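As structure tokens, the structure follows; a few thoughts come after it.
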Amino acid sequence: MKKTLVALAVLTAAGSANAGINLYDADGVKVDMSGAAEVQYFQGYAADSDAKIRLDDGDLAINTTIAVSDKMNAVAGIAFEMESGDVTNDELWVGLGGDFGTLTIGRQYLLVDDSGIGKDYELGGDGIDFVQANGDQVIKYVFDNGQFYGGAGALLTETNPAGNADEATVYEGRLGARFGNFDARVYLYSGDDVSTDKFDVFGGSAVNVNIDGYNLEAEYVMDAFAFSASFGQVDYELASDTSQKVDADTAALAGSYTMDKTTFALGYTYWAPEDEDVNVFYANVTQQLHSNVKVYGEIGTSDEKDSEFGYVAGMEVTF
């Protein structure tokens, strides 16, 4: 049972690197540390942009599981991210886990942070975007019995200085099932007064919007081949004037083939806010030098106005 609970504890830390080093395991106390460093040479789709070295990922996380009874464990997580040059604490949570699932409270990532089926590194374009997927005031519950899994989360009155309101709230859910090599799930999201500057129709600056949406996802693995597809719809409504809205449809297809330690992937993303249609195609190849080390290259193209040909080469090291 302890092994299952440790896995559930790791699932709650969606934004952290995968656990890789056991620091302590005795007397019912287990402590794991993990980290990731990823650097790229990156050219995006933005018009007139220049290729540059990009610090894509820098994470350090510590998770612990402590047996408080035969049927219940206490869990906790602390994580830091370093991409911006500053060290930021992006996770600080505690909780309880057992056969009933895992309940966590504190600074953490919502379930929708895991949404999306693309096999891209950077050039998959705009897919599903629920805008806010983490916060300090998060309560989250997850359950997974191997075949069926699900969860629910809430972001309660998170401080939001933009727009006309000062508190954002989010409610979310996930429900999924596995049948052999087939995995299907749905994400649901509803947020009020969430800050975004994504749409020019709202003035191009950060404003508060109400967001309602869902994303349906499916994945199938057949030997060395893996296929995935998704479809989602998200409605963005200006909080200060609910007559101003943006309805966005998004869809994605992706496939990969793995030969020894090399994986080839292709993908397509469709993004349609209101009357605008954007189609993105990408391809990449990944070489697994070690179970903890990979290098990759990716190219992509978008038919968005004034977009440039994109490419990226990168290396990721985890522990």
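List of remarks:
- Residues Lys294, Lys261, ranked from the fewest to the most other C-beta atoms within 10 Å, line up as Lys261, Lys294.
- In the chain, Cα pairs under 8 Å separated by at least six residues give a relative contact order of 15 percent.
- Cα gyration tensor shape for the chain, rounded if a/c is under 1.5, else prolate or oblate: oblate
- Residue exposure sequence - Phe143, Phe225 - by fewest surrounding Cβ within 10 Å: Phe225, Phe143
- Coupling constants for the stretch 208-225 follow from the phi torsions by the Karplus curve (6.51 cos²θ - 1.76 cosθ + 1.60, θ = phi - 60°), and in residue order they are 8, 10, 9, 10, 9, x, 8, 9, 9, 9, 8, 9, 9, 10, 10, 6, 7, 9 Hz; glycine and proline get x.
- Where Cα atoms sit under 30 Å apart: lysine pairs in the chain separated by 8 or more or lying on different chains: 29
- Relative contact order [Cα under 8 Å, 6+ residues apart], the stretch 236-319, whole percent: 19
- Most mobile of Ser190, Ser34, Ser307 in a GNM of the chain (Cα contacts under 10 Å): Ser307
- Take every Cα pair under 8 Å whose residues are at least 6 apart in sequence, average their separation, divide by the length of the stretch 131-276, and the relative contact order is 14 percent.
- Its DSSP H runs of at least 4 residues, each contributing -39,500 (n - 2.57), put the calculated 222 nm mean residue ellipticity of the chain at -1000 deg cm²/dmol, to the nearest 500.
- Of Ala283, Ala51, Ala254, the one that fluctuates the most in a GNM where the chain has Cα springs shorter than 10 Å: Ala51
- In order along the stretch 256-266, the phi-based Karplus estimate (6.51 cos²θ - 1.76 cosθ + 1.60, θ = phi - 60°) of 3J(HN,Hα) comes to 8, 9, 10, 10, 6, 9, 10, 10, 10, 9, 10 Hz; Gly and Pro are listed as x.
- Computed from the Cβ-Cβ distance with R0 of 22 Å, the FRET efficiency linking Lys245 to Lys305 stands at 0.50.
- Ascending count of other beta-carbon atoms within 10 Å, so fewest first, for Ser69, Ser243: Ser243, Ser69
FYI, it's all coordinate maths here, none of it is from the lab. Worth saying up front: this structure is predicted, and the values here are computed from it rather than measured. With ideal geometry, Cβ positions are generated from the backbone for all residues, glycine too; neighbour counts draw on all protein chains shown.
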